[in-house]
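Read the structure below first, then the notes.
The values are calculated or read from the model by the stated rules, or taken from the named source; none is laboratory data. Note that the structure is predicted; figures quoted are calculated from it, not measured. Note that we place each Cβ from the backbone using ideal geometry, even for glycine, and neighbour counts take in every protein chain shown.
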Amino acid sequence: MSVAYKNLLIYYFSGTGNAKRTAEWIIETASEMGINARMINIDRFEKTEIPELEGKTLIGFCAPTHGFNLPPNMLKYIWKFPRRKNTDVFIVNTRAGMKLSKLFVPGLSGLAQFFPALVLLLKGYKIKGMQPMDLPSNWISIHPGLRQKVVVSMFERCERITKKFAGRILNGGSKYKAFLSLPFDLAVAPIAVGYYFVGRFGIAKTFVASNTCTNCGLCEKQCPVKAIKTIKRRPYWTFNCESCMRCMNTCPERAIETAQTFTIAFWWIILSLVTPWLLKEFYGFRLFNFDQTDWKSYIFENAFAVAVWFLTLWAGYHFIHFLMTFKAFNNLVAYTSFTKYKFWRRYKAPKRQKSKPIV
Ligand SMILES: Cc1cc2nc3c(=O)[nH]c(=O)nc-3n(C[C@H](O)[C@H](O)[C@H](O)COP(=O)(O)O)c2cc1C
């Protein structure tokens with residue numbers, strides 16, 4: 001087979017380096033084949049555009065899987081991507097791979113391939129490749145980072161798979177490995193929708209800066225979606241946070257924690273004490289009143305209750321941020337987080353072995 005494309009453009013987003021490395025492997029393969037290849041980072045994107053290039057162009061999208069979907073910023077990027085007839089595209093989603101003894105265990109894509117593929121199809125593109133890539137899980141809010149030896153072996157395996165995939169696509173072939181797990185992906189689709197519309201906002205608010213924070217501003221500077229603001233000389237995570245894990249894994253002081261225990265306690269206090277009390281005391285409502293017979297009052301009361309609940313949460317988060325300036329309170333939150341302890345490793349993609357220039 002001869003090389004089918006003159007140009008390759010890869011749009012990528014990566015929290016901790018897995019998706020970026022995958023894009024680099026594809027670029028490397030393309031460059032070896034004499035294709036004019038380029039990677040475009042969509043961090044903090046302002047506009048979506050395709051550079052005008054001479055000759056046939058292949059476009060790739062490369063991003064991690066978040067909550068059984070692509071991360072919201074990549075989805076928004078694809079959503080706004082210009083329409084084009086008959087341009088070839090591929091999608092690679094990196095997932096939470098694990099390794100049990102010698103067995104490589106795959107992650108689960110959910111809608112991470114099928115939803116963006118559908119959007120691109122409707123925009124007129126031709127889907128040439130749908131490839132999940134099982135690199136180490138970076139979700140260290142829920143488990144410690146994998147051991148270095150395991151990480152390296154997963155990278156070696158994925159480099160081979162990615163380059164094989166890239167070679168095939170760049171030679172004009174197609175590959176749809178994503179279809180292998182279709183029944184499982186469809187089964188978790190409702191969770192993907194729930195995560196996108198609700199779950200991610202709750203998870204975004206689990207990050208805190210402990211007393212070891214020096215207010216260096218690196219997390220704010222590096223955040224791909226400008227979700228971290230400095231308030232009262234401490235980082236504050238807004239609802240925009242994608243939980244990409246970049247801040248937590250790159251903080252030079254290891255000062256960013258996921259406040260697991262405290263978050264559960266906080267939600268319990270807001271949901272079962274503060275909001276019900278506010279509603280009853282000031283409006284005579286109950287939170288989630290399912291006994292109403294009149295449907296108008298039913299909708300109004302429950303919508304109002306949810307609005308009060310969100311407002312209470314929002315105010316509560318600001319209050320906690322203020323309390324975190326007190327050393328004792330800060331220590332209480334930090335030391336009730338598993339992530340505070342040494343055994344809870346951080347995760348970053350290992351440094352590149354080959355230092356081939358990326359065009
Ligand atoms: C908030 C969050 C949600 C995740 N959800 C999934 C998931 O649904 N399925 C999966 O296989 N991996 C999931 N992962 C793991 C990442 O997709 C995986 O580690 C990816 O390779 C990280 O890529 P990056 O280093 O480019 O950010 C999740 C990770 C995070 C931080």
Checklist entry - If we only count strands (runs of 3 or more DSSP E) wholly inside segment 218-283, which ones have 3 or more residues that are surrounded by 14 or more Cβ atoms within 10 Å (Cβ to Cβ)? => result 234-237, 256-258
Checklist outcome for this item: Of the residues in segment 97-108, those that are surrounded by 21 or more Cβ atoms within 10 Å (Cβ to Cβ) and in a loop (DSSP other than H, G, I, E, B) come to GLY107
Next on the checklist: What's the number of the only condition in (1) within 15 Å of the ligand (Cβ to nearest atom); (2) touching a helix residue (DSSP H, G or I) at 6+ places or on another chain (Cβ under 7 Å); (3) not assigned by TED's automatic domain parsing to the domain that holds HIS66 that ILE203 fails to meet?
Outcome noted: (2)
Item to check | First in segment 136-160 and charged (D, E, K, R), second anywhere and near the ligand (Cβ under 8 Å from one of its atoms), Cβ under 7 Å, 6 or more apart | outcome: none
Checklist outcome for this item: With the first residue restricted to segment 186-210 and required to be closer than 21 Å to LYS340 by Cβ, and the second required to be near the ligand (Cβ under 9 Å from one of its atoms) and not in a helix (DSSP H, G or I), Cβ contacts under 6 Å at 6 or more apart or on different chains are ILE203/SER243; ALA204/SER243
Checklist outcome for this item: Matching residues in segment 132-166 (in contact with a helix residue (DSSP H, G or I) (Cβ under 6 Å, 6 or more places away or on another chain) and more than 13 Å from the ligand (Cβ to nearest atom)) number 3
Next on the checklist: Any residue that is surrounded by 14 or more Cβ atoms within 10 Å (Cβ to Cβ) and over 24 Å from LEU75 (Cα atoms) - is there at least one of those in segment 5-17?
Outcome noted: yes
Checklist entry - Mind checking whether some residue in segment 44-59 is at pLDDT 95 or above, in a loop (DSSP other than H, G, I, E, B) and not hydrophobic (A, V, I, L, M, F, W, C)? => result yes
Checklist outcome for this item: Filter segment 19-74 for residues that are more than 12 Å from the ligand (Cβ to nearest atom) and among the acidic types (Asp, Glu); the one that is surrounded by the fewest Cβ atoms within 10 Å (Cβ to Cβ) is GLU46
Checklist entry - Could we say that LEU111 is buried (at least 16 other Cβ atoms within 10 Å of the Cβ), within 16 Å of the ligand (Cβ to nearest atom), part of a loop (DSSP other than H, G, I, E, B) and at negative phi here? => result yes
